[in-house]
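What follows is a single structure, written as structure tokens, with notes after it.
The values are calculated or read from the model by the stated rules, or taken from the named source; none is laboratory data. In this text the structure is predicted, and so the values were computed from the model without any measurement. Positions of Cβ are generated from backbone atoms using ideal geometry, with glycine treated the same way; all protein chains shown enter the neighbour counts. Note: accessible area is taken over every heavy atom of the protein model, side chains too, but ligands, DNA and RNA are not part of it. Shrake-Rupley method; radii C 1.70, N 1.55, O 1.52, S 1.80 Å.
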Amino acid sequence: MSHRTKTFSFSEGSLLHRIIREIRYHEASRQVFAILFVVLVSALGEPGIVIYLAGIPLIILGILVRLWASGHVKKNKVLATDGPYAYVRHPLYVGNILLLAGYSISSGLWWSYLLMAFLIYLYYPPTIKYEDSKLHKIFGTEWEKWRGVTKALIPSLSPYPSEDKGDWSFAKSMRDNGEPIIVAFLLFWLGYLYTQIA
């Protein structure tokens with residue numbers, strides 16, 4: 001049982017129900033499926049040049065959002081309310097969703113949208129519930145105040161008035177998230193997808 005499923009009290013349910021629950025709440029499985037999604041739609045993609053180019057702005061935006069967020073994340077030591085966290089509670093997930101959408105468009109594969117929607121539905125509601133519950137337990141009223149004006153996935157037009165004015169850190173992005181390696185992986189498969197243009 002993953003540490004995330006231990007956080008919530010679930011009735012045991014059927015074997016299939018327990019397996020699905022473990023997959024939904026297991027962080028590594030979310031990351032593996034996202035990697036497989038990018039590889040799959042890039043390897044099987046059949047884009048025309050216009051379709052390929054249409055997805056690139058979302059892919060680049062997703063990469064930039066993830067880089068920005070990973071350089072500000074505090075990993076439960078301090079509640080991150082600066083940088084992108086002043087606009088949205090889960091900017092890394094926003095970046096992921098932008099990436100999934102961008103690769104779906106650029107691949108030219110109609111079924112990639114169905115797969116993307118399934119992955120978003122499977123992982124993000126329970127992941128956000130878990131993360132919010134954990135942060136609420138750690139930071140209490142500070143988290144409640146932030147949550148009151150900062151949505152989970154839809155960015156606000158005005159930033160949360162954070163007292164923490166921490167600077168973005170490339171070292172933090174690399175150390176805590178390995179983000180530059182993720183960027184290299186994403187750009188490699190974007191390049192590979194370009195070779196699939198009909």
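Test ALA101 against the stated conditions and say whether it is over 16 Å from LEU153 (Cα atoms) and modelled with pLDDT of 95 or more.
The answer is no for ALA101.
Quick one: GLU142 ticks every box in (1) without any contact (Cβ under 8 Å) to a residue 40 or more places away in the chain; (2) in a helix (DSSP H, G or I); (3) open to solvent by 30 Å² or more (accessible area, probe 1.4 Å) except a single one, so which number is it?
If we test GLU142 against (1) without any contact (Cβ under 8 Å) to a residue 40 or more places away in the chain; (2) in a helix (DSSP H, G or I); (3) open to solvent by 30 Å² or more (accessible area, probe 1.4 Å), just (1) comes out false.
Just one of (1) closer than 20 Å to ARG30 by Cα; (2) in contact (Cβ under 8 Å) with a residue 12 or more places away in the chain trips up TYR121, so point out which.
The failed condition is (2).
Which pairs have Cβ atoms under 6 Å, sit 6 or more apart or on different chains, and link a residue in region 100-117 that is on the phi > 0 side of the Ramachandran plot to one that is assigned to a helix (DSSP H, G or I)?
Within 6 Å, the pairs are GLY108/ILE51.
Any residue at all in region 105-114 that is of a type in the set (S, T, N, Q), in a helix (DSSP H, G or I) and modelled with pLDDT under 95?
There is no residue in region 105-114 that is of a type in the set (S, T, N, Q), in a helix (DSSP H, G or I) and modelled with pLDDT under 95.
Just one of TYR130, TYR160, TYR124 is open to solvent by less than 20 Å² (accessible area, probe 1.4 Å), out of contact with any Leu (no Cβ under 8 Å at 6 or more places or on another chain), farther than 29 Å from VAL50 by Cβ and not basic (Lys, Arg); which is it?
TYR130
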